[in-house]
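K.L.:
A single structure is presented below for examination.
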Amino acid sequence: MDCQVSMEKCMIGGSKGEDAVNVKRGSVQLVDCVFEEGEDDLVDIDRSTGAIRGCTFTGRTGGDSTSVNGDGLDASGSHLLVQDCLFVGLRDKGLSIGESSQVFSKDCTFRNNGLAIAVKDLSVAHADGNAFVGNRIVFGVYQKKPVFGGGLLTVYKNSFEGNGKEREVDSLSKIVSSEKVEEKVEKAFSLTKSQ
């Protein structure tokens with residue numbers, strides 16, 4: 001059954017379950033929320049559409065943390081705009097995009113994550129205006145599940161500082177560079193046209 005989820009200025013931390021928040025088969029709007037210190041993924045969006053804006057996803061940020069944590073935001077079979085978000089200290093992935101998802105990461109900051117952005121299993125993703133600082137790997141584009149193919153990531157103007165490795169791409173996947181976001185992509189993700 002379809003659901004409509006809207007959360008604004010919420011704080012969720014210390015979850016012990018598989019996901020702190022899980023949205024399935026619906027629409028989602030997360031605005032200015034904080035998700036932190038979960039034992040597994042913080043937010044999992046499955047087969048849904050929507051936008052995540054101004055949210056913070058925090059994993060292990062100190063040596064005394066008891067967080068095991070997985071991904072900050074995990075999208076499967078979904079169409080999402082992820083804008084002005086912070087992903088920090090996530091041992092696994094900051095933003096995980098899989099199972100034929102379409103995701104645009106715009107003006108986000110990824111700091112000290114295991115893998116900043118993963119694009120896998122026939123997903124198509126775009127990254128523009130993001131800052132990548134101190135991540136072990138910035139982009140991982142690959143096939144994870146044999147039933148799917150590889151991933152496709154288009155990279156626009158982003159900044160990089162002190163990361164271990166910029167990209168890992170398997171033979172079924174591709175990263176392409178572009179100077180400008182196409183109008184059809186802006187429309188698909190309801191982006192305001194650049195000035």
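Just so it is clear, none of the values below were taken in a lab; they were calculated from the coordinates. Everything numeric here is computed off the predicted structure, so don't read it as measured data. Glycine also receives a Cβ, built like all others from the backbone with ideal geometry; neighbour counts cover every protein chain displayed.
K.L.:
What full-extension length gain, to one decimal in nm, is calculated for Ile12 and Glu168 as 0.36 nm per residue of separation minus the Cα-Cα distance?
P.N.:
53.0 nm
K.L.:
Also: How big is the Kirkwood radius of region 112-186, worked out from every pair of different alpha carbons and given in Å to one decimal?
P.N.:
12.7
K.L.:
Beyond 32 Å, what share of the Cα-Cα pairs of the chain is found? Please give it as a whole percent.
P.N.:
7
K.L.:
Let me ask you something else. Using r as the Cβ-Cβ distance of Val5 and Ser190, and R0 as 25 Å, what FRET efficiency do you calculate, to the nearest 0.05?
P.N.:
Efficiency, from the Cβ-Cβ distance: 0.90.
K.L.:
For the residue pair Asp107 and Val147, what label-to-label distance in nm results when each label sits 7 Å from Cα along the Cα-to-beta-carbon direction?
P.N.:
Here the modelled spin labels are 3.8 nm apart.
K.L.:
Between Arg136 and Phe160, 0.36 nm times their residue separation minus their Cα-Cα distance comes to what?
P.N.:
Extra length from Arg136 to Phe160 when fully extended: 7.4 nm.
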